[in-house]
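Read the structure below first, then the notes.
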Amino acid sequence: MELPFQISEILERLERSGYDAFVVGGCVRDVLMGNQPHDYDITTSALPNETERVFSDCSVIETGIKHGTVTVLYKGQSIEITTFRVDGEYADGRHPSSVTFSRNIKDDLSRRDFTMNGIAYNPKIGLIDPFGGENDIKSRTIRCIGEPELRFSEDALRILRALRFSSVLGFTIEERTAETIASHRSDLHKVSAERIFSELKRLLCGMDIKRVMLEYPKVFAEILPPLEEQVGYDQGSRYHDSTLYEHTVRAVEVVPAEPALRLAMLFHDMGKPRCRTVGEDGECHYYGHAGISAELADEFLRMLKCDNALRERVCAVIKYHDTPADPSRRIVKRRLSQYGADLFRDIMYAQIADGTAQSELGKTRAENARKCLETAEDIIAAQPCLTLKELAVSGKDLRGIVPPSPLMGKILSELLGEVIEETLPNEKNVLLERVKELLNAKNIQI
Ligand code: ATP
Ligand code: MG
């Protein structure tokens, strides 16, 4: 196993000082799968103060000293080194009330969540794999270390971690582990919103999200109760050939794997059951569902402690996901000006996903949104003027001509409108002439 030189040197230095030291957890799993780890965690028999002494020539930050973790700044890399530890009792279903340090690597591995995450490695010793993690990685299996009952009741977040790994890595959850996830799902309410949301975002972006959502609808409904009603919900519409939950799942899967878009599709039809009406022909309609879904998303994302920028982006995409897209250049340009290029693109991605997840009839919607995206990219490439900031005249230029009053704003937005519509070129002299015309026109009062 190739290790970055800083990691090898840290392991050697701890060993020369008489301690055991290994890389452990996610990084070993990633290497065994042939993937590049995004970081390396080190575990050692040295107590935190002993580690500090070994690295007394480096900057050491006591990041989680109570849990045995210090961060060492070593040759330009910051690396977490944690003392082997055994977790005490989990009284609250989320973290241990105490931790005890150990001098034995196996103790440390047995507190970890899944066999694939319970492997340690050191270049001299090789792999320490007491729970068959390497085999489980080979057979692409997620299996609890020890008794699933106990492990999920210690920390219910492991339920979402299992689903996240299953979705991201494409692994299957072993039967007893899976059964216990189902029976312990209500313990998720004991876990903090921040931890749940962080796992949920990663879970949604996994390549196998469709399979995981179809296998564990009740776990998703535990976090977002309105999903429960979507399961088995007949949409009663020619535009749909699946239940509301299946439609949601398909839309989540089809949209690009970015948290804002995946979250938007997860919530996009949540408001439907509240707006259902039945037409004379027996066809169901859901007028206004986009707005209600956006309100529900706003409420749940606040509960999940989502940051404001992401919440606002998700809600905007949901709000406009059902607004018919017109691929004509004029309208696309107006929408680009109204939403900004990034939000416009996201709304189109959402419409493509939504249409693709519908019956054949819905496919034209997806096609339409695709055309809008193409038109938008053409328009954007030409760097047109779409906002007041890009207009060739500013309020400053008009100061001598237009008195400072609400009229200034009116005139600027009239100019912008005409430039967007391409009835005026975005050129300073032409725009100044047009201002004089507007001032003379009867419909504008000073
Ligand atoms: P990634 O970094 O890709 O999210 P990871 O497996 O490294 O995956 P981390 O959250 O970085 O996950 O945790 C590092 C290691 O700590 C895990 O591999 C696992 O051994 C252990 N671990 C993390 N969270 C838990 C938990 N809730 N319960 C038990 N062990 C855990
Ligand atoms: Mg990690």
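Here the 3J(HN,Hα) profile of segment 358-363, calculated from phi with Karplus coefficients 6.51, -1.76 and 1.60 at θ = phi - 60°, is 9, 6, 3, 4, x, 5 Hz, Gly and Pro shown as x. In this structure, the pairs whose alpha-carbon distance is over 27 Å, taken from K272/K305; K190/K319; K272/K389; K138/K190; K389/K436, are K190/K319; K272/K389; K138/K190. Seen from every direction in turn and averaged, the convex hull around the alpha carbons of segment 12-130 projects onto 7.7 nm². Report the one residue of M408, A381, V393 whose Cα lies farthest in the direction of the positive end of the charge dipole of segment 349-439 (charges on C-beta: Lys and Arg +1, Asp and Glu -1; origin at the Cα centre). Among M408, A381, V393, the one farthest towards the positive end of the dipole of segment 349-439 is M408.
The slack between D241 and E9, meaning 0.36 nm per residue of separation minus the straight C-alpha distance, is 77.6 nm. Heavy atoms of the protein chains alone define the surface here; on that basis segment 101-146 has 43 Å² accessible area per residue at 1.4 Å probe size. Does a label point 7 Å from the Cα of D107, set along Cα-to-beta-carbon, have any residues of segment 46-70 with amide nitrogen under 18 Å, and which are they? It comes to 46-51, 65-70, nothing else. Shape call for segment 145-242 from the C-alpha gyration tensor, a ≥ b ≥ c root eigenvalues: rounded (a/c under 1.5), prolate (a/b greater than b/c) or oblate? Judged from the Cα gyration tensor, segment 145-242 comes out prolate (a/c at least 1.5, a/b above b/c).
Using a simple charge model, +1 on the beta-carbon of Lys and Arg, -1 on the beta-carbon of Asp and Glu, nothing else, what dipole does segment 152-276 show about its Cα centre, in debye to the nearest 20? Before the final figure, lay out the partial values.
Details: 18 positive and 19 negative charges, 63 e Å.
Here the size comes out at about 300 debye.
The distance separating the Cα centre of segment 136-150 from that of segment 357-433 comes to 56 Å.
The charge dipole of segment 11-125, taken about its Cα centre with unit charges on the Cβ atoms of Lys, Arg (+1), Asp and Glu (-1) only, comes to about 200 debye. Mean-square fluctuations from a GNM of the chain, with a 10 angstrom spring cutoff on Cα atoms, peak among E134, E418, E154 at E418.
The slack in the chain from L47 to E179, taken as 0.36 nm per residue of separation less the alpha-carbon distance, amounts to 43.7 nm. The stretch between S153 and S359, if pulled fully straight at 0.36 nm per residue, gains 70.0 nm over its current Cα-Cα span.
When peptides 299-305, 30-36, 200-206 are ranked by their average number of other Cβ atoms within 10 Å per residue, the highest-first order is 200-206, 299-305, 30-36.
In terms of accessible area, using a 1.4 Å probe and ignoring ligands and nucleic acids, D107, D354 rank largest first as D107, D354. Under 5 Å from the amide H of R85 lie the amide H atoms of S102, D108, each residue being 5 or more positions distant or on a separate chain, with H modelled from the backbone and absent for Pro and chain starts. Inter-label distance, L310 to E229: 2.6 nm, where each label sits 7 Å from its Cα along the C-beta direction. Counting only DSSP beta bridges whose two residues both lie in the chain, roughly 85 percent are antiparallel.
Between the residues G88, N35, H67, the greatest Cα displacement towards the positive end of the dipole of segment 1-129, with unit charges on the Cβ of Lys, Arg, Asp and Glu, is found for G88. Around the Cα centre of the chain, unit charges on the Cβ atoms of Lys, Arg, Asp and Glu (plus for the first two, minus for the last two) sum to a dipole of about 960 debye.
Comparing mean-square fluctuations of V249, V60, V231 from a GNM of the chain with C-alpha springs under 10 Å, the top value falls on V60. Among V393, V191, V255, the largest mean-square fluctuation in a Gaussian network model of the chain (Cα springs under 10 Å) belongs to V393. The distance from the alpha carbon centre of segment 298-339 to that of segment 191-265 is 19 Å, rounded to a whole number.
So what's the net charge close to V249: Lys and Arg +1, Asp and Glu -1, counting the other residues with Cβ under 12 Å from its Cβ? Here the count lands on -1. Shown in residue order for segment 281-286 are the 3J(HN,Hα) couplings computed by the Karplus curve 6.51 cos²θ - 1.76 cosθ + 1.60 at θ = phi - 60°: 7, x, 6, 8, 10, 9 Hz (x for Gly and Pro).
Couplings 3J(HN,Hα) for segment 77-83, derived from phi with the Karplus relation 6.51 cos²θ - 1.76 cosθ + 1.60 (θ = phi - 60°), are 10, 9, 10, 7, 10, 10, 5 Hz, where x marks Gly and Pro. Every helix of 4 or more DSSP H residues in the chain counts as -39500 (n - 2.57), and over all residues that averages to -15000 deg cm²/dmol at 222 nm. Rounded to the nearest 5, the antiparallel percentage of DSSP beta bridges internal to segment 37-184 is 75%.
The values are calculated or read from the model by the stated rules, or taken from the named source; none is laboratory data. Since we're looking at a predicted model, the values are computed, not measured. All Cβ positions, even for glycine, are placed from backbone atoms using ideal geometry, and neighbour counts span all protein chains on display. Side chains included, ligands, DNA and RNA excluded: accessible areas come from the protein's heavy atoms. Shrake-Rupley method; radii C 1.70, N 1.55, O 1.52, S 1.80 Å.
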